[in-house]
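The values are calculated or read from the model by the stated rules, or taken from the named source; none is laboratory data. The shown structure was predicted, so the numbers you read here are calculated from the model rather than taken from an experiment. Note: ideal-geometry Cβ built from the backbone for every residue, glycine included; neighbour counts use all protein chains shown.
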């Protein structure tokens, strides 16, 4: 009986130890979904497809759009800019931070560490996040010439350094405010639905 009790206690300790090890080895992302950020206040120049209009600024720390200068990323139509680097258009919001970004291919949950060597910033020639409607295949979206629908490229994860040197990762899921967009009827999109994870500590690990 005494032997049986000791064996039971040993087994319980072993199970508890294993369970603790497994739990510590699993890091669950605190994924937040933001639905339909409205960046649709823009017009398209028919001659060169350039956009003019208002940028909608977003703060990862506040988890919402903002009107102040401590923003991290801003959206206008298909264009995405960051609060770091230099402006290349007159209608862009003031940049007061040191934000940067890069794109990695894969699954967002697999992006566990930030590669600080890959960061780039907006500059006088254009945004760090390429906005060419998918022509180069290096941006976040692609454009279907038949349907005129813009769609996020699956597996494109945007990794950010925020304006105040924290980190975030984002996957854009959808670009419209309807399930069946009709661009020929004026449904040009600009409504971003995305998942993101914000690392508030400043460490490079998610």
Original post:
Are any residues in the stretch 156-177 touching a strand residue (DSSP E or B) at 6+ places or on another chain (Cβ under 9 Å) and part of a loop (DSSP other than H, G, I, E, B), and if so, which ones?
Top reply: 162, 163, 166, 175, 176, 177
**OP:** Just need a number here: residues in the stretch 178-198 that are part of a loop (DSSP other than H, G, I, E, B) and surrounded by fewer than 17 Cβ atoms within 10 Å (Cβ to Cβ).
**Re:** 5
**OP:** Specify the residue that is surrounded by the fewest Cβ atoms within 10 Å (Cβ to Cβ); the eligible residues are those in the stretch 140-150 that are in contact with a strand residue (DSSP E or B) (Cβ under 9 Å, 6 or more places away or on another chain) and more than 25 Å from residue 30 (Cα to Cα).
**Re:** 144
Original post:
For the stretch 104-130, how many residues meet the condition of being buried (at least 18 other Cβ atoms within 10 Å of the Cβ) and without any contact (Cβ under 8 Å) to a residue 60 or more places away in the chain?
Top reply: 6
Subject >> Any chance residue 201 is part of a strand (DSSP E or B), out of contact with any helix residue (DSSP H, G or I) (no Cβ under 8 Å at 6 or more places or on another chain) and farther than 15 Å from residue 75 by Cα >> reply: no
**OP:** Scan the stretch 173-190 residue by residue and report those that are in contact (Cβ under 8 Å) with a residue 12 or more places away in the chain and either in contact with a helix residue (DSSP H, G or I) (Cβ under 7 Å, 6 or more places away or on another chain) or under 22 Å from residue 52 (Cβ atoms) (or both).
**Re:** 175, 176, 177, 181, 183, 184, 188, 189, 190
Original post:
Which of the residues that make up the stretch 45-59 are out of contact with any strand residue (DSSP E or B) (no Cβ under 6 Å at 6 or more places or on another chain) and loosely packed, with under 15 Cβ neighbours inside 10 Å?
Top reply: 45, 46, 47, 48, 49, 50
**OP:** For residues that are assigned to a strand (DSSP E or B) and free of Cβ contacts under 8 Å to residues at least 60 places away in the same chain, scanning just the stretch 60-91, find the one that is surrounded by the fewest Cβ atoms within 10 Å (Cβ to Cβ).
**Re:** 64
Original post:
Scanning for something within 15 Å of the chain's Cα centre (by Cα) and either modelled with pLDDT under 95 or in a helix (DSSP H, G or I) (or both), does the stretch 25-35 turn up at least one residue?
Top reply: yes
Original post:
In the stretch 135-157, what residues are under 17 Å from the mean Cα position of the chain (by Cα) and either at positive phi or free of Cβ contacts under 8 Å to residues at least 60 places away in the same chain (or both)?
Top reply: 138, 139, 142, 151, 152, 153, 154, 155, 156, 157
